[in-house]
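Written out below as structure tokens is the structure these notes cover.
The numbers here are math on the coordinates, done by the rules we state, and not lab data. Please read these numbers as outputs of a predicted model, since none were measured by experiment. Note that we place each Cβ from the backbone using ideal geometry, even for glycine, and neighbour counts take in every protein chain shown.
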Amino acid sequence: IVMGLAPWQGHVWDQTENASGKSKRAKKKLTAETIEEPILKGKLYKDGEEGLKIDRSVMKNMPFIFRIDPDMFDDEGNIVRQKRYDFDDNDFRGISSTDEGKENASSDGQSDGSDEQLRSPKQLPTKVALDAISLASRMQTDLESVCMDFVEHFKSETGATNLCLAGGVALNSVLNGRLSRELGFDNTFIPPYPGDDGIAVGCC
């Protein structure tokens, strides 16, 4: 989720709204705010004041997305399971869940030309999604900073020339790219199976 949302930090969406009391439509700019203060900081290999600190204050007032976003519920309060946000700038609109299963072809199998009627409006990020982008971007930045420092420290301590990483964090490809490119290891290996499927490989 972090890698999927973080790259949208700094992107600007145009949202067209009806101007109050006018026939014209006004454009509103939507973008995720930047969280300036780090959430993660410090060193993983130190204790006390120099050790890792986690500031959870920025997250305390962030609601669960499914509990605040009214677009995710129908009139009966059931969660609507469909793609909620279209982060792309292309013209694809997608098919709304309410139109799933509708026939858009005539009895002879030919299209009846109603495709456009079945296409839902392009969805732009709501405040919940924008907050998630801000948080993801901050977490990605901090994760890279803490992990780069951690690996660089132990490379210096051990003189290792090869790097092997495993686990969920090790599947963060943006972080992996930096570790591989910037720290001077001869080889970098990241097993692509950090779950139970990796047990069989380990047993071999």
Dipole check, the range 123-182, charges on Cβ (K,R +1; D,E -1), about Cα centroid: among A132, V169, L143 the Cα furthest to the positive pole belongs to A132
Here FRET efficiency (C-beta to C-beta, M59 to S145, R₀ 22 Å, nearest 0.05) is 0.75
